[in-house]
Each structure stands twice: as structure tokens, then as C-alpha cells.
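The values are calculated or read from the model by the stated rules, or taken from the named source; none is laboratory data. Computed from a predicted model, the values in this text were never measured in an experiment. We place every Cβ from the backbone using ideal geometry, glycine too, and count neighbours over all the protein chains shown.
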């Protein structure tokens, strides 16, 4: 799943800072922009582990377009953190399920549009349904 991140530029004395507007408390930094983005993916996963332990639904990502209009992010650079949702539940286990072909096609399309894998989407949807 892809989450928009706001990157505050660093300089010779300061790292690049990253804020994840859709995930309160998720922030990171790095000596380079690439490092800051990679570190933000780890930060998001750590926050999501807390959400799961508390039985809370995970937040949905906003669009960069909606977030970049906020005054607090004026002059920041935008990117995406690509979060592998399969990493949230510990060890992945391969399963065999039966599902109607039409539904599977819809799941694949939806997951792709959200930047998720089929497995990641199904795991997240199941976790959210059980938390409700």
C-alpha cells in the first residue's frame, strides 16, 4: 500500500525529515532522500503493528493532491512510502482458498489501484473486518 509522505529538505548539518500525514506519530529521517523514504516505510510498519495490537483499523492513504494544499507542508517535497502489508503479521503462510473468478478479478483490480498485492489487500481487509 502506498502512503504519501512529506519530506522536509535537509542540509549539510541536518537530515531530511519525513512526516506521514495519514499515520499520526509516523515520522523518520535520513541523510539522503532515498534513505528517508526507506526509513519512513519502517516507521509506518511499526505504527501499524501498534494499531493491530489495539484492534484498530489501519488508516487509508490520502492523495498527495489533497495533502499538498495544507499550509504546514508548504515547500516540502512529496513522495510515496511503499508499505508491504504482508510484513505486519509476522511469518507469511501460503494458503489455498476457493473464490469466484469474477470476485478475484475485482479484488486484483482494486488492490492494484491501491498499490497493494492481492495477499496484502486480503490480509488488510480481513484485519479491518475483524476489528470492526
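Conditions (1) closer than 17 Å to residue 62 by Cα; (2) surrounded by 15 or more Cβ atoms within 10 Å (Cβ to Cβ), marked per residue:
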position	(1), (2)
80	yes, yes
101	no, no
110	yes, no
118	no, no
126	no, no
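Looking at residue 86, is it touching a residue at least 12 places away in the same chain (Cβ under 8 Å) and not in a helix (DSSP H, G or I)?
Working: touching a residue at least 12 places away in the same chain (Cβ under 8 Å): yes; not in a helix (DSSP H, G or I): no.
For residue 86, the condition - touching a residue at least 12 places away in the same chain (Cβ under 8 Å) and not in a helix (DSSP H, G or I) - is not met.
Could you say which residue among 30, 17, 90, 10 is touching a strand residue (DSSP E or B) at 6+ places or on another chain (Cβ under 7 Å) and at pLDDT below 90? Break it down into steps so the answer makes sense when it comes.
Numbers: 30 fails: at pLDDT below 90; 17 fails: at pLDDT below 90; 90 fails: touching a strand residue (DSSP E or B) at 6+ places or on another chain (Cβ under 7 Å).
Only one candidate passes the filter, namely 10.
So is residue 44 part of a helix (DSSP H, G or I), in contact (Cβ under 8 Å) with a residue 24 or more places away in the chain and farther than 17 Å from residue 129 by Cα or not?
Answer is yes for this residue.
With the requirement that a residue be buried (at least 21 other Cβ atoms within 10 Å of the Cβ) and more than 17 Å from the chain's Cα centre (by Cα), what does region 1-41 give you?
Result: 16, single match.
Restricting the search to region 110-124, which residues are part of a loop (DSSP other than H, G, I, E, B) and on the phi < 0 side of the Ramachandran plot?
Hits for region 110-124 are 114, 116, 117.
With the condition kept exactly as written, say whether any residue in region 87-97 is within 20 Å of residue 22 (Cα to Cα) and surrounded by 10 or more Cβ atoms within 10 Å (Cβ to Cβ). Break it down into steps so the answer makes sense when it comes.
In the first step, residues of region 87-97 are kept if they are within 20 Å of residue 22 (Cα to Cα); the result is 87-88.
Remaining after also requiring surrounded by 10 or more Cβ atoms within 10 Å (Cβ to Cβ): 87-88.
Within region 87-97, one or more residues are within 20 Å of residue 22 (Cα to Cα) and surrounded by 10 or more Cβ atoms within 10 Å (Cβ to Cβ).
Would region 54-71 turn up any residue that is within 24 Å of residue 128 (Cα to Cα), part of a helix (DSSP H, G or I), under 13 Å from the mean Cα position of the chain (by Cα) and without any contact (Cβ under 8 Å) to a residue 60 or more places away in the chain?
The answer is no; no qualifying residue exists.
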